[in-house]
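**Student:** Dropping the structure in here first, questions after.
The values are calculated or read from the model by the stated rules, or taken from the named source; none is laboratory data. Quick caveat: nothing in here was measured; it's all calculated off a predicted structure. No Cβ is skipped: glycine too gets one built from the backbone with ideal geometry, and neighbour counts run over all protein chains shown.
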Amino acid sequence: MLKICSLIIVVIAFLLTSWSYQKRDWKDNSRLILYDLNPAVLISLDPVTKELVVITLPDNLEIESVSGRGMWMLSKFGLAGDADWIRKSLSWYLGIANIRSEKSLNIWDKLRYYLIKRSAIIQTINLADTGLVDLEKTTDGIEVFRLNPRWDLKSQDWFGSSEVIRQGLVVTIVNTTSSDGLGAKATRLIESAGIRVRMLSSTTDNIPLCKIFVSDKAKKLSGFRLIQDTFGCQIIDDNTLDLDIKLELGKDTVAKLFG
């Protein structure tokens, strides 16, 4: 009886371990980008180059939030909403597609992160000293930092994934919605990962669901999975596209990204 119980325990432990391993988010060699608010930092690790970038964010960095909840000082951000709202707001404002909280990683992702981190080349950056933010005053006379256009020019150096870049994917984006600036926001998210956006256009079709037209070849690549994880589109097979991808943004895109 004791042997049977021990065997059952071993089987259950094996099944739980296997389930946990399959549930990990970081399954390839794409860049891992994490945020933390205590202290406020961005952590960007490329497992291919073993480059680890740690960017300290100023407490008075003003963040444009999602869900119509206005501007927030970074020092107050952790108290302003739940984890999903925080992640979406940071992604929206910073233009980083695959950002996630370190707390959201499962044990396997954490283990891999710490193992690679031990041998990584570490670059530490204080965002306030980079020239990528401007110090301004609000109408209340409070000094705040705000990102300037140079941030987008620099972000791919810090957040672009070596694996994704060498895959050579090219994306055409069509904003079918009446949401101004949605296509530009989608472009920032895709290009920050190292994927080239060939063309951005708009229509008045206002389709209900986002669609992504993609070949079987491109579907195997981590760059495609990053786009699909970000936008959650209906997949349309089109093997004439090869490494080109067509992304049609629908009304659901606004809710998924910024709702």
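**Student:** Name the residue, out of Arg24, Arg69, that is at pLDDT below 90, assigned by TED's automatic domain parsing to the domain that holds Ile122 and surrounded by fewer than 17 Cβ atoms within 10 Å (Cβ to Cβ).
**Tutor:** Arg69
**Student:** Could I ask something else about it? Name every residue in the stretch 111-133 that is free of Cβ contacts under 8 Å to residues at least 40 places away in the same chain and within 25 Å of Phe258 (Cα to Cα), in order of residue number.
**Tutor:** Once the filter is applied, which keeps residues that are free of Cβ contacts under 8 Å to residues at least 40 places away in the same chain and within 25 Å of Phe258 (Cα to Cα), the stretch 111-133 yields only Leu132.
**Student:** Working only within the stretch 26-52, note down all residues that are without any contact (Cβ under 8 Å) to a residue 40 or more places away in the chain and not in a loop (DSSP other than H, G, I, E, B).
**Tutor:** Residues satisfying the conditions are Ala40, Val41.
**Student:** I want to confirm something. Restricting to the stretch 110-155 and keeping residues that are in a helix (DSSP H, G or I) and either of a type in the set (Asp, Glu) or touching a Ser or Thr at 6+ places or on another chain (Cβ under 6 Å) (or both), which single residue is farthest from Thr56 (Cα to Cα)?
**Tutor:** Filtering the stretch 110-155 for residues that are in a helix (DSSP H, G or I) and either of a type in the set (Asp, Glu) or touching a Ser or Thr at 6+ places or on another chain (Cβ under 6 Å) (or both), the one farthest from Thr56 (Cα to Cα) comes out as Asp152.
**Student:** Which of the following residues is aromatic (Phe, Trp, Tyr), free of Cβ contacts under 8 Å to residues at least 40 places away in the same chain and more than 19 Å from Leu189 (Cβ to Cβ): Trp72, Trp108, Trp85?
**Tutor:** Trp72
**Student:** Can I ask one more? Return yes or no: is Asp205 surrounded by fewer than 16 Cβ atoms within 10 Å (Cβ to Cβ), over 21 Å from Asp46 (Cα atoms) and acidic (Asp, Glu)?
**Tutor:** In short, yes.
**Student:** Go through (1) under 22 Å from Gly181 (Cβ atoms); (2) assigned to a helix (DSSP H, G or I); (3) not hydroxyl-bearing (Ser, Thr, Tyr) and name the single condition Phe224 misses.
**Tutor:** Only one criterion is unmet by Phe224, namely (1).
**Student:** Now, a different point. So for the stretch 243-251 (the condition being assigned to a helix (DSSP H, G or I), crowded, with 19+ Cβ neighbours inside 10 Å and in contact with a strand residue (DSSP E or B) (Cβ under 6 Å, 6 or more places away or on another chain)), does at least one residue qualify?
**Tutor:** Within the stretch 243-251 (the criterion being assigned to a helix (DSSP H, G or I), crowded, with 19+ Cβ neighbours inside 10 Å and in contact with a strand residue (DSSP E or B) (Cβ under 6 Å, 6 or more places away or on another chain)), the answer is no, since none of the residues qualifies.
**Student:** Residue by residue through the stretch 72-101, note down the ones that are over 12 Å from the mean Cα position of the chain (by Cα), assigned to a helix (DSSP H, G or I) and surrounded by 15 or more Cβ atoms within 10 Å (Cβ to Cβ).
**Tutor:** Of everything in the stretch 72-101, those that are over 12 Å from the mean Cα position of the chain (by Cα), assigned to a helix (DSSP H, G or I) and surrounded by 15 or more Cβ atoms within 10 Å (Cβ to Cβ) turn out to be Leu74, Phe77, Trp85, Ile86.
**Student:** Can I ask one more? Quick one: in the stretch 56-73, of everything that is of a type in the set (A, V, I, L, M, F, W, C) and touching a Phe, Trp or Tyr at 6+ places or on another chain (Cβ under 7 Å), which residue is nearest to Leu90 (Cα to Cα)?
**Tutor:** Ile63
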